[in-house]
Amino acid sequence: MVGENGVGKSCISLQFIQHRFEDNYDSTIEDSWRKRATVDGECYLYDIYDTVPSPNLDTTIRICQGFLVVFSLASKESFQACIALHDRISLLQDLEPNEVPFVLCGNKCDLEDSQRQVSTSEAEETARAWGCPYLETSALRRTNIDESFHQIVREINKINKKPTTDPNTSKRTCHLM
């Protein structure tokens, strides 16, 4: 998972992994988790990296297969930072932008409309330009949390053109950032 500090990356991860919301999580800590989940009838092992800006970030980007790019709907700055992150990831992956699996997540959709700085249409337009899905999430209310992670698996499968029903494989691993 990538995005600015304070956008809710850790809270999204905790909701997906542990089904809980942590209000006072230290957003300056880099963390990783593992979870098994079934997506479209196939079992996957998620390796989730919750990142912070660090000297090791580029190395982590290079090994990941898919990216949840998270911004806060209440922060135009965090949305603009996602655009720069998208370009950086594509460069570090040494692929065309449409060959890198992305899901754009606008977090904190539970906030009042008056607090919103990024419109749904603006985020959808960016996702269309990237060729990826856009989901509005709420770690607080658990809105679209599982769907975000499941969608990135679908994007990885679509780009890798791997069949989702391989009778010889009972599980697959997805390294997500």
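The values are calculated or read from the model by the stated rules, or taken from the named source; none is laboratory data. What you are looking at is a predicted structure, and each value in this text was computed from that prediction instead of being measured. Positions of Cβ are generated from backbone atoms using ideal geometry, with glycine treated the same way; all protein chains shown enter the neighbour counts.
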Output for Cβ contacts, cut-off 8 Å, separation at least six or different chains, first residue over 19 Å from N144 (Cα atoms) in region 108-132, second surrounded by fewer than 15 Cβ atoms within 10 Å (Cβ to Cβ) and not β-branched (V, I, T), reads Q117/K76; W130/N98; G131/N98
Cβ-Cβ below 6 Å, separation at least six or inter-chain, first residue in region 69-90 and under 23 Å from V153 (Cβ atoms), second in a helix (DSSP H, G or I) and of a type in the set (D, E, K, R): which pairs?
V70/K9
Could you go through region 31-38 and let me know if any residue there is closer than 18 Å to S148 by Cβ and acidic (D, E).
yes
Taking the conditions exactly as written (at pLDDT 90 or above, part of a loop (DSSP other than H, G, I, E, B) and loosely packed, with under 12 Cβ neighbours inside 10 Å), does R34 satisfy them or not?
no
